[in-house]
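The values are calculated or read from the model by the stated rules, or taken from the named source; none is laboratory data. Please read all numbers here as calculations on a predicted model, not as lab measurements. When we count neighbours, we look across all protein chains shown, and the Cβ atoms used for this are built from the backbone with ideal geometry, even at glycine.
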Amino acid sequence: MHTQVSTFAAGSDLRIYFKLAGVSMIWGGTFVAGRFLSSDIAPLLLASLRFLLASVILLVFIVATRITLVLPDRKQLAQLALLGFSGIFLYNLCFFYGLHYINASRASLIVVLNPAVFGLASWLFFKERLSVLKVLGILVCMGGAGLVIISGNRSVFDGAAQTWVGDLLIFGCVLSWAVYSLFSRNLTRVLGPLTTVTYSIWLGTAMLWLATWMRGEASLSVIETLSPQQLLSLVYLGGLGSALAYIWYYDGIQRIGATRAGVFIGLNPLTAVILGALLLGEQLTLIMCLGGGLILAGIYLCNRPALRLSEPK
């Protein structure tokens, strides 16, 4: 009986791993789609359009499937507002403004620091124990990120301010996503992944459009000027990269925890680097590849025990 339960748990985890791998591959593509659109649409408006589309898709899905969302209380609503601010509003401002300064491959390699930040934040705020192996993994991640940051065509010492601005903005994505992931754990247990994602996206979308309106950039007429390829990229960002991926990711957090789910973000650069080279003609340097390899190795070390499937006994 115990063997059957262990085998079922392993199979269940394996399905979650495949879904999380799919999420990370989808998110790897968002760096390319975002870079493709950011040159023609203001970053704040682009983020607002992305999540307006995601909000509409979620609403249609909920109505079509006749799902009843759990009504949050005041405390839960405040927590959802924090998630909407950090994971939707702040994350996307850093994401789209950052892509103005650095390319998709470089950005995705910086974002892969997420699991290391998850580990540190869990230790600081949730008193989770950090093993020697995890600390070593975090240090290797940081070293790899350092190589990525200095891997541009220009030297890190030549005053290339715009590149540093892009690096800092994308690192802002890492911090805001850590808040979004780590502080959602209790909500997903009580409200469920779909309800948590839906409310956080709706609240974050409202924040984005309010900021867009205050800056005088709120206009839907920009959609008329987009090419079919740009419209497809926008649909990819809003449909796959937001609505679907966020639900699957939150489901993963609920099933296996934020740190274990976060390790799959290591797959982001693999997708972004390949698509960036194929679709955008972005050049890869040897030092960037070396830095990316170190980041992935560090993530493996940091999460190695969590990646082992339960063996039948």
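Could you please find all residues in the stretch 202-219 being among the aliphatic types (A, V, I, L, M), free of Cβ contacts under 8 Å to residues at least 40 places away in the same chain and within 11 Å of LEU45 (Cα to Cα)?
Once the filter is applied, which keeps residues that are among the aliphatic types (A, V, I, L, M), free of Cβ contacts under 8 Å to residues at least 40 places away in the same chain and within 11 Å of LEU45 (Cα to Cα), the stretch 202-219 yields only LEU210.
Look at the stretch 195-225 and say how many of its residues are polar (S, T, N, Q) and not in a helix (DSSP H, G or I).
1
What's the total number of residues in the stretch 61-113 that are hydroxyl-bearing (Ser, Thr, Tyr), closer than 21 Å to PHE51 by Cα and crowded, with 24+ Cβ neighbours inside 10 Å?
Within the stretch 61-113, residues that are hydroxyl-bearing (Ser, Thr, Tyr), closer than 21 Å to PHE51 by Cα and crowded, with 24+ Cβ neighbours inside 10 Å number 1.
Do you know which of the residues in the stretch 170-198 that are among the aromatic types (Phe, Trp, Tyr) and over 27 Å from THR65 (Cα atoms) is modelled with the lowest pLDDT?
Among residues in the stretch 170-198 that are among the aromatic types (Phe, Trp, Tyr) and over 27 Å from THR65 (Cα atoms), the one modelled with the lowest pLDDT is PHE183.
Please list, ordered by residue number, the helices (runs of 4 or more DSSP H) wholly in the stretch 1-101 having 2 or more residues that are modelled with pLDDT of 80 or more and over 15 Å from the mean Cα position of the chain (by Cα). Please lay out each step first, then the result.
Details: elements: 2-38, 43-65, 74-83, 91-98.
Where helices (runs of 4 or more DSSP H) fall fully within the stretch 1-101 and carry at least 2 residues being modelled with pLDDT of 80 or more and over 15 Å from the mean Cα position of the chain (by Cα), they are 2-38, 43-65, 74-83.
Take the conditions of a type in the set (Asp, Glu) and either at pLDDT 75 or above or part of a helix (DSSP H, G or I) (or both) and apply them to ASP167. Does it pass? Please lay out each step first, then the result.
Working: of a type in the set (Asp, Glu): yes; either at pLDDT 75 or above or part of a helix (DSSP H, G or I) (or both): yes.
For ASP167, the condition - of a type in the set (Asp, Glu) and either at pLDDT 75 or above or part of a helix (DSSP H, G or I) (or both) - is met.
Considering SER184, SER200, SER227, SER242, which residue is more than 16 Å from the chain's Cα centre (by Cα) and polar (S, T, N, Q)?
Values: SER184 fails: more than 16 Å from the chain's Cα centre (by Cα); SER200 fails: more than 16 Å from the chain's Cα centre (by Cα); SER242 fails: more than 16 Å from the chain's Cα centre (by Cα).
Selected residue: SER227, the only one of SER184, SER200, SER227, SER242 that is more than 16 Å from the chain's Cα centre (by Cα) and polar (S, T, N, Q).
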